[in-house]
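What follows is a short report on a single structure.
The values are calculated or read from the model by the stated rules, or taken from the named source; none is laboratory data. Just so it is clear, the model here is predicted, and its values are computed rather than measured. With ideal geometry, Cβ positions are generated from the backbone for all residues, glycine too; neighbour counts draw on all protein chains shown.
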Amino acid sequence: MPTTIFAIDDSVEVLLSIGATLEPYYDVRVATSGEEGLALVAEIHPALILLDVMMPGIDGYQTCSRIKENPATVDIPIIFLTTMQDTADKIKGLEVGGRDYITKPFSGGELLARIRTQLEISSLTDQLMKVNRNLRRKQALLENDLKAAAEIQKSFLPSKPPKDNAIEVAWQFQPCDAVGGDILNIFRLDKDHYGLYVLDVCGHGVPAAMVTASVHQQLHSNTGMILKMNTSQPPYYEIVSPAEVLANLDKSYPLERFDKYFTISYMVLNTRNGQILYSSAGHPPPLLLKNDGELLMLKEGGTIIGLGGILPFDEGKAQLEPGDILFLYTDGLPEYRNGGGELFSDKRFQITIGEQKGRSAEEATEAVVKAVISNFGAGIPPQDDITLLAVRYLGGSGQQK
């Protein structure tokens, strides 16, 4: 079907000239007044309207305004036809919704060129609107998928702190996107030992979260990663040392395979005697706040996970006394920036941790995150995932609360 052009002009001579010029290329419909044009335009729904300005009854400006008020015809491009040369008249036409002006008398070539230009613009606009609608639909689907992925990621977190008279556990977890690359966990290895870790996959969004999910599964479904079977004598298993756990992860997650690396602090806590074995892979060093206020950095470890066993991981030991609090975290806290771009910094973070002396694990984690985001950042959303795990040691018999 040829494209329909609707010409509205009170001059029969002008309409005949328009028809003679356009009919080889378009389906031309005409009206001789604004009232007649308004009655027909919704029915015809042309691709473009040629509209005379000076007409008896309602003039071209009024006709254009009425066409633009109708949602069914608002997008139809309108080219004004006029003998007026005054700039103010042309501006008025553009203000009421006109796209262009052609001054009478006009040549057939100019008329065709102006029409083709406006039709091309309309076509491109329609294409952009269609692409935009598709993008919005895809964005909505993606947001729904991200929400679902975020719920799945939350399921990897401990459902609740372990019930144990020897320790008190709390955490704060705030991904900066719907899903992020951080995760934390604490889980029982046997009646006297817990494994605990905080890890941070480089990047954000679904790719980082997929690696996070995979590592979580490795550390839980793959028992051999954290426990070795030993059939020679009871208890017929050995707890895998933190350094060996990191070495196994380093071999399982080579950078060239996943195109992602991650950092992690992994520990084994003996709740009977308060001893910790730990190792970190390129991760911010855990902080141990002693009951007397001394703050220790647990620095032993090695480089990031993903280098395929090039470098060994060192292992450290620490001793918890009743009332001590152990903090594992990701760099989203010390590297948080406020509205002025100022870094919270390792120094401020360590001072903030030191201020948690005598608090419960839950009070401490809430206070630290509040100090960073609310007090320092005035509530500005974090630029990186926020993860903080605190374990307060109460003693082997749980005598302190």
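Some observations on this one:
- Identity of the residue in region 42-60, free of Cβ contacts under 8 Å to residues at least 40 places away in the same chain and touching a helix residue (DSSP H, G or I) at 6+ places or on another chain (Cβ under 6 Å), that ends up surrounded by the fewest Cβ atoms within 10 Å (Cβ to Cβ): G57
- Hits in region 316-335 - residues which are within 16 Å of L288 (Cβ to Cβ) and either in contact (Cβ under 8 Å) with a residue 60 or more places away in the chain or not assigned by TED's automatic domain parsing to the domain that holds V268 (or both): L320, E321, P322, G323, D324, I325, L326, F327, L328, Y329
- Residue in region 103-120 that is outside the structural domain of S265 (by TED's automatic domain parsing), at pLDDT 85 or above, touching a Ser or Thr at 6+ places or on another chain (Cβ under 7 Å) and assigned to a strand (DSSP E or B) present: yes
- Checked against (1) part of a helix (DSSP H, G or I); (2) closer than 21 Å to C202 by Cβ; (3) more than 29 Å from the chain's Cα centre (by Cα), E256 meets all criteria but (3).
- Lone unmet requirement of (1) closer than 23 Å to M54 by Cβ; (2) modelled with pLDDT of 90 or more for S123: (1)
- Meets criteria (surrounded by fewer than 21 Cβ atoms within 10 Å (Cβ to Cβ), in contact with a strand residue (DSSP E or B) (Cβ under 8 Å, 6 or more places away or on another chain) and either among the charged types (D, E, K, R) or at negative phi (or both)) for R337: yes
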